[in-house]
Amino acid sequence: MPDLHIGDVTLHYAQEGVGPPLLLIAGMISDGASWAPLLPLLEPHFTVIRPDMRTTGQTTPWNAPASILLFAQDCAALLAHLGLGPAHVMGHSLGGMIGWELARAYPARVRSLTLAASAPLRLERNVALFKTLAAIRTSNAAPDVWLRALFPWLFAPALFEAEGAIEQAVAAALAYPFAQTPQAMAHQIAALDGYAPDATAPPTCPIQSLLAQDDLIMPAALAQTVLGEVQTHIVPHAGHSIHWDAPHAVAAHLIRFTSHQKEPS
């Protein structure tokens, strides 16, 4: 998988599939690998680009300057480097906020924007949640405790009713070789903490919002108060990790939405 050097930052990314370019921007504590459930559904339709944003995955150094605007600049630099624009963009959670700023600051780079369990909305409760999880992670608690505290916020109730599902999720997270470190997690949380979204000046590209029916981090009703007239779909039986709980629904909405956008001239 290739890297792009942006100043002192080495941005790691993956690229696969065929078709118009689709940039996928991961959310908090996640990297490009977090899109795994969607890849088999999207690769036949798109050239999928999955960066590890600063503080995550294989992008280095972990403590490079970090902010939502810097994340957006990195995405614009990646698209320019690849010569694959304008691109469809989908961002999950924090990634949707990055996509929002990318489309506002670099409109020529973005063909359409899909917000997945996301809105230009910074909630103090969410910042407090992630800071608490970071504190648990750096305490004397067992390594899995902070994950078990996080997962009810991420996944729909059905996952907890499936025998062994949470144990498998915990084991997979602990085994992932490029998991975000506690220090990098705190650095990313500081970037979220410093974000001041502006929903009054939305991007000019076509936008759709995919909100999860059972989302605790970005409740659908609250997100809709700032999304205004943005085309919105409520995905049933899904929590905040909407692309894990309902990958087929997310892929179908994305493919349908992007198919209606005109080819760039």
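Values for this structure:
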{"read-out": "Residue in region 24-33 that is of a type outside the set (Val, Ile, Thr), farther than 29 Å from residue 128 by Cβ and not in a loop (DSSP other than H, G, I, E, B) present", "value": "no"}
{"read-out": "Residue satisfying all of: in region 154-173; closer than 26 Å to residue 59 by Cβ and without any contact (Cβ under 8 Å) to a residue 40 or more places away in the chain; surrounded by the most Cβ atoms within 10 Å (Cβ to Cβ) among these", "value": "169"}
{"read-out": "Looking only at region 139-153, and only at residues there that are surrounded by fewer than 17 Cβ atoms within 10 Å (Cβ to Cβ) and in a helix (DSSP H, G or I), the one that is farthest from the chain's Cα centre (by Cα)", "value": "145"}
{"read-out": "Residue tally, condition modelled with pLDDT under 95 and among the β-branched types (Val, Ile, Thr), over region 43-87", "value": "0"}
{"read-out": "Top-ranked residue in region 241-255 [being among the hydrophobic types (A, V, I, L, M, F, W, C) and crowded, with 24+ Cβ neighbours inside 10 Å; ranked as nearest to residue 94 (Cα to Cα)]", "value": "242"}
{"read-out": "Residue count for region 174-205, restricted to those that are of a type in the set (A, V, I, L, M), surrounded by 14 or more Cβ atoms within 10 Å (Cβ to Cβ) and touching an Asp or Glu at 6+ places or on another chain (Cβ under 8 Å)", "value": "0"}
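The values are calculated or read from the model by the stated rules, or taken from the named source; none is laboratory data. Not measured: the values here are computed from a predicted model. Cβ: placed from backbone, ideal geometry, glycine included. Neighbour counts: every protein chain shown.
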